[in-house]
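Written out below as structure tokens is the structure these notes cover.
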Amino acid sequence: MESTYRTILQARSGELEKLKEMAKKDSWQPIYHIYPEYGLMNDPNGLVHFNGEYHVFYQWYPYGPIHGMKHWAHVKSPDLVNWERLPVAITPTEEYESHGAYSGGAIVKEDKALLFYTGNVKYEDGSRSANQCVAFLDKGGIVEKYADNPAVRGVPNGYTGHVRDPKVWKENDTYYMLLGAQRENETGALIVYESPDALSWTFKGEVKTKLKDFGYMWECPDYFKLDGKDIFVFSPQGIQSEGHNYHNIYNVIYAVGSFDLDTLTFDVDYYREIDKGFDFYAPQTFEDEHGRRLMFSWIGNPDVTYPSDEHQWAHALTLPRELALDGNELIQKPVEELKKLRDAAANFRGKLESETTYIDEATNNAYEIDMTFKDINANEFGLELFSSKEESTLLTFDTLKQEVRLDREGMKIQYATEYGTVRSEAWTPTEKVDVRIFVDKSIIEVYINGGRTVFTARIFPQKESKAGIKLFAHGSVAYDLEYYGLRRGIE
Ligand code: FRU
């Protein structure tokens, strides 16, 4: 297997420049979100602040916009704003990772960052297994696989071959590895290994929660503390949609409660979908040098084709978000550093009466809006984005239905419509509403009321469109809006 994949890589290396050229011409490519120059990106991996720099790895298949043999691609940044592309970190060339180097996290240990990943293995009869592996990133930027890989071979009794996405942390001199898993009865679970040195691991058991029958597989688990509370984040597959929740093919939740590491009992007080948008999956968090809990996520969904596929690239990562808790509500804020992206600024304020106000003609679709609506006396009000004569995306606050909606039905280019064209969340009308929006070519991130509700989505405007921004109110509402053009953060 090892030599086979090496041979394929060599034979195909000539194709990459051509793919890159094709993708580069695409005006949907973002300018300040992390994205692949070509090929398909999915989960963020190995997030770590190491040796004075932020490292982000991500799942990547180079040879086209498909979920092929996964590598770990690598970018780094001094400031979470300006990103530099580095050589591929992990290429799946070994027997223990014969069908891809899958997702995982990172820790810093002594003078290295340890990258944990799953060696995905498939057999001819269609069955699969998983090995948990380690690679070392040194201060010179070199990544080397652990000579004794896999650190964990195979899966524990009682689980199918779907055991993956190691997230490692240290507590009281012991290292713990959390993995997403599928029980033999085809329900999702989290399992834990422990280790004295982060290299030799022993199976400890399953995390016990009240969520016993919650989907058929839990991917990309994460665990951390905020305000003394324990939080798990994971991506369950197979959850039915209900009300405002779980409308994407797969969804992501966070659960807040208290976790007993000895007995692996997690008492869940509260859980909720993290992001209410169309395109959000497999997030990962890490703690940085300032003690902030930061999160990146994949802006995409598995098993869905995207309009950019025809240009030979797919997907992007969210902006880095700083997490906090307000009671049991998770608050997500774009990190402060992102203000460094701002260039031209403009302020618009006034009162909307019954009809649409037009505030900007051609935005070039790389901008931020930071605004407040107040003196609300309207049944509906909001913004029309990517707005042209022919199309628009609506962010609507509905005071009668007490909900906020992101609606991409009005765009000409549609995809994944079988999962609906509107996403929503409960919203209680209050005196004022704060809205912060980041638009980056074909990406939108909407943060409402300081990040209490977040929508992340891809929107593909027609190529020739001169998109603008409009405000609307059915009734009257006052607004105060800062507009910032945003500059490039990644080549
Ligand atoms: C989530 C996921 C992970 C897996 C990776 C493979 O999107 O399915 O569970 O490690 O993607 O690319």
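Key figures for this structure:
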read-out: Among the residues listed as 468, 489, 485, the single one being at pLDDT 95 or above and of a type in the set (Gly, Ala, Ser); value: 489
read-out: Positions within the stretch 216-247 being within 16 Å of the ligand (Cβ to nearest atom) and of a type in the set (D, E, K, R), in sequence order; value: 219, 222
read-out: Condition met for residue 46 (assigned by TED's automatic domain parsing to the domain that holds residue 110, at pLDDT below 95 and within 15 Å of the ligand (Cβ to nearest atom)); value: no
read-out: Count - residues of the stretch 248-295 that are within 16 Å of the ligand (Cβ to nearest atom) and part of a strand (DSSP E or B); value: 7
read-out: Residue in the stretch 101-111 that is farthest from the ligand (Cβ to nearest atom), counting only those that are of a type in the set (A, V, I, L, M, F, W, C) and touching a Gly at 6+ places or on another chain (Cβ under 8 Å); value: 106
read-out: In the stretch 324-355, the residues that are out of contact with any Gly (no Cβ under 9 Å at 6 or more places or on another chain) and not polar (S, T, N, Q); value: 325, 327, 329, 335, 336, 337, 339, 348, 349, 350, 351, 355
read-out: Any hit, the stretch 406-421, residues being buried (at least 21 other Cβ atoms within 10 Å of the Cβ), over 19 Å from the mean Cα position of the chain (by Cα), modelled with pLDDT of 95 or more and within 26 Å of residue 331 (Cβ to Cβ); value: yes
read-out: Extreme residue, nearest to the ligand (Cβ to nearest atom), among residues of the stretch 128-151 that are in contact with a strand residue (DSSP E or B) (Cβ under 9 Å, 6 or more places away or on another chain) and among the aliphatic types (A, V, I, L, M); value: 130
read-out: Sole exception among (1) over 24 Å from residue 91 (Cα atoms); (2) more than 24 Å from the chain's Cα centre (by Cα); (3) modelled with pLDDT of 95 or more for residue 215, by number; value: (2)
read-out: Search result, residues across the stretch 112-145 that are outside any strand (DSSP E or B) and under 23 Å from residue 50 (Cβ atoms); value: 138, 139, 140, 141, 142
read-out: Answer residue from the stretch 112-127, given it is closer than 21 Å to residue 6 by Cα and exposed (fewer than 13 other Cβ atoms within 10 Å of the Cβ) and is farthest from the ligand (Cβ to nearest atom) among those; value: 124
read-out: Within the stretch 56-100, considering residues that are within 14 Å of residue 137 (Cβ to Cβ) and under 19 Å from the mean Cα position of the chain (by Cα), the one farthest from the ligand (Cβ to nearest atom); value: 76
read-out: Strands (runs of 3 or more DSSP E) enclosed by the stretch 33-111 - at least 3 residues per element that are surrounded by fewer than 18 Cβ atoms within 10 Å (Cβ to Cβ); value: 84-90
read-out: Pairs, first more than 14 Å from residue 396 (Cβ to Cβ) in the stretch 467-480, second part of a strand (DSSP E or B) and among the charged types (D, E, K, R), C-beta under 6 Å, six or more apart; value: 468/360; 469/360; 476/353; 478/351; 478/374; 478/375; 480/349
read-out: Set 286, 381, 373: member being in contact with a His (Cβ under 8 Å, 6 or more places away or on another chain) and either under 27 Å from residue 428 (Cα atoms) or assigned by TED's automatic domain parsing to the domain that holds residue 455 (or both); value: 381
read-out: Where residue 80 falls short, out of the listed (1) at positive phi; (2) among the aliphatic types (A, V, I, L, M); (3) free of Cβ contacts under 8 Å to residues at least 60 places away in the same chain; value: (3)
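The values are calculated or read from the model by the stated rules, or taken from the named source; none is laboratory data. Since this is a predicted model, take the numbers as computed values, not measurements. Positions of Cβ are generated from backbone atoms using ideal geometry, with glycine treated the same way; all protein chains shown enter the neighbour counts.
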